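For reference, the structure discussed in these notes is given below.
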Amino acid sequence: MDRRDAVKSVAFLIGGALSATTIATLFDSCTQPGKNSENLFTEDQEKLVTEIADIILPTTAKSPGAKAAAVGPFITMMIKDCYPEEAQKAFVKGLEALEESAKKDYSKSFLEIGVKEREILLRKVREATISSQKKESEEIAEAQKLEETKAQQQSAKENMDNPMAMKEKPAKKPQFFAIARDLTILGFFTSEIGATKAYEYIAIPGKYDGDYKMKPGQRLFV
């Protein structure tokens, strides 16, 4: 299994925790990346991505974190090679906004502030993302209800004669933090460190046991 297949497998397992943007990107086989994405990030922004990933998934007593698993380079590679232009712009804009917030609140670059300050800033972005996604979901649900009401008022013949009468489901806008979170998880759990340290890893597995009794606190098998 190559890295791309591994990413898709992990995405399938945790699909409910991933944003619509990431799921659509991965299962579209990364065939429509944005244009001119080679120089999408500055050197400092690439460092910033690495630090963000390590705040999202830090080192613990039981497992190394995102930085040890080289998740930062994975994220920037995925954004440049797989994500559409709209998502790329949203991600870069999110990085710029985070840097502006660090300078506004602490008079320093994000790379210069401490871990606690970084956590505070990212928590604000996370909360804003959750609020925005909730509002967007409500607006989409309301728009769908209106479309369904209009469709019910039209005859079947009118719908057949006018294919545009039934509009497609509104697409959700890409969110910076959601993409960063998604790719941090995917990058970590498809890395060697994630597979061998975060999971219960058996290099040479034995027979399959469909009723294996897990012990309390035991890690999942990879």
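No value in this document is a laboratory result; all are computed from the given coordinates. The structure displayed is predicted, hence computed values, not measured ones. Note that each Cβ is placed from the backbone with ideal geometry, even for glycine, and that neighbours are counted across all protein chains shown.
Cβ under 15 Å from residue 99's Cβ, residue 99 left aside: what net charge do those residues give with Lys, Arg +1 and Asp, Glu -1?
-2
What ranking of 83, 106 emerges when the number of other C-beta atoms within 10 Å of each C-beta is taken as an exposure proxy, fewest first?
106, 83
For region 33-83, what does the relative contact order come out to in percent, with C-alpha contacts under 8 Å and a separation of six or more?
48 percent
Kindly flag which residue pairs out of 103/124; 124/173; 124/145; 93/172; 80/173; 103/173 have an alpha-carbon separation exceeding 21 Å in this structure.
124/145; 103/173
For each of 131, 101, count neighbouring Cβ atoms within 10 Å of the residue's Cβ, then give the residues from fewest to most.
Final ranking by Cβ density, sparse to dense: 131, 101.
Hand me the GluC sites (Glu not before Pro) from region 54-128 located in a DSSP loop with no more than 14 other Cβ atoms within 10 Å, in residue order please.
Loop-located and lightly packed - 112.
Please give, to one decimal in nm, the separation of the simple spin-label points placed at residue 104 and residue 136, each 7 Å out from Cα toward the Cβ.
2.0 nm
Could you derive backbone 3J(HN,Hα) for region 68-82 from the dihedral phi with the Karplus parameters 6.51, -1.76 and 1.60 (θ = phi - 60°), listing whole Hz in sequence and x where the residue is Gly or Pro?
Karplus-based 3J(HN,Hα) across region 68-82 equals 5, 8, 6, 6, x, x, 5, 4, 5, 5, 5, 4, 6, 8, 10 Hz.
Using 0.36 nm per residue of separation minus the Cα-Cα distance, give me the extension gain between residue 195 and residue 111 in nm, one decimal.
27.4 nm
Suppose R0 equals 30 Å. What FRET efficiency, 1/(1 + (r/R0)^6) with r the Cβ-Cβ distance, do residue 124 and residue 23 give to the nearest 0.05?
Here the calculated transfer efficiency is 0.75.
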